[in-house]
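Novice: Sharing a structure below in C-alpha cells format, with a few things to ask.
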Amino acid sequence: MSALKDRLRADLTSAMKSRDELRTATLRMVLAAVSAEEVAGKEARELSDDEVLAVLRREAKRRREAAEAFGGAGRAEQADRERAEGEVVAGYLPAQLEDADLAALVADVVTRTGATGMKDMGRVMGAANAEVAGRAEGSRVAAEVRRQLG
C-alpha cells in the first residue's frame with residue numbers, strides 16, 4: 001500500500017476523532033476517488049504514490065473549477081466550501097513552482113532540446129512536463145513555453 005494513501009487514511013481517522021467536518025468530508029471524497037481509480041480498468045490494482053498524487057491533483061483542480069463556477073453563479077457559500085476543500089487537498093500535494101523557477105526550468109529545457117520556434121512546442125512540452133513532475137499545472141507550463149518560444 002502506498003505511504004500517501006496510508007497518510008490519507010490516518011488523517012481521516014484523526015479528523016473524525018477531532019470532529020473536523022470539512023477535513024473528514026474532503027478526505028473521504030479523496031479516498032473514494034483513489035478507490036475508484038484502483039478498481040477502474042480490467043482488474044483492480046494498488047495505486048503507487050505517484051498515481052495517488054495524480055488523483056489528488058485532479059481533485060484539487062475539480063475543487064478550483066467548482067469554486068470558480070459557484071462564484072460566477074453568485075453562490076458564495078458553495079464557492080467558499082470548494083475553496084476550503086481545495087486547501088485541504090493542496091496540503092498533500094508537493095509545493096508548486098514559483099513563476100521564476102518555472103521560467104528557468106523551461107529556459108533550460110528549450111536550450112537542451114534546441115527548440116527554435118513554436119513548431120517545437122510539443123517536444124519542449126514533453127520534456128518540460130517530465131521535469132516539472134506535478135509541481136506546476138500544465139496550463140502554466142504551456143503558457144511559459146509559448147512565451148519563450150514565441
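Only the coordinates and a few stated rules stand behind these numbers; no lab work does. Since we're looking at a predicted model, the values are computed, not measured. Glycine gets a Cβ as well: all are built from the backbone with ideal geometry, and neighbour counts include every protein chain shown.
Novice: Once you have a ≥ b ≥ c as the square roots of the Cα gyration tensor eigenvalues for the stretch 3-90, tell me rounded if a/c is under 1.5, and otherwise prolate or oblate according to whether a/b is larger than b/c.
Specialist: oblate
Novice: FRET efficiency for Asp120 and Ala32, Cβ-Cβ distance as r, R0 = 41 Å, nearest 0.05?
Specialist: 0.50
Novice: Considering only Lys42, Lys119, Lys17, give the residue with the highest GNM mean-square fluctuation for the chain, with springs between Cα atoms whenever their separation is below 10 Å.
Specialist: Lys42
Novice: Moving on. Kindly state, as a whole number, the per residue volume in cubic angstrom of the convex hull around the alpha carbon atoms of the chain.
Specialist: 148
Novice: How far, in degrees from 0 to 90, does helix 121-132 lean away from the longest principal axis of the Cα atoms of the chain, to the nearest 10?
Specialist: 50
Novice: Follow-up. Return Leu47, Leu27 ranked ascending by Cβ neighbour count within 10 Å, so the fewest neighbours appear first.
Specialist: By the 10 Å Cβ count, ascending, the order reads Leu47, Leu27.
Novice: Another question, then. On a straight-distance basis, which lysines could pair with Lys42 in a cross-link, Cα separation under 24 angstrom, same-chain partners fewer than 8 positions away excluded?
Specialist: The reachable lysines, counting only those whose Cα sits under 24 Å from Lys42, are Lys5.
Novice: Okay, moving on. Compute the helix-to-body angle for 21-39: its Cα long axis versus the longest principal axis of the chain, expressed 0 to 90° and rounded to tens.
Specialist: Rounded to the nearest ten degrees, it is 70.
Novice: To the nearest 10 degrees, how steep is helix 99-113 against the longest Cα principal axis of the chain, on a 0 to 90 scale?
Specialist: Once rounded, one gets 50 degrees.
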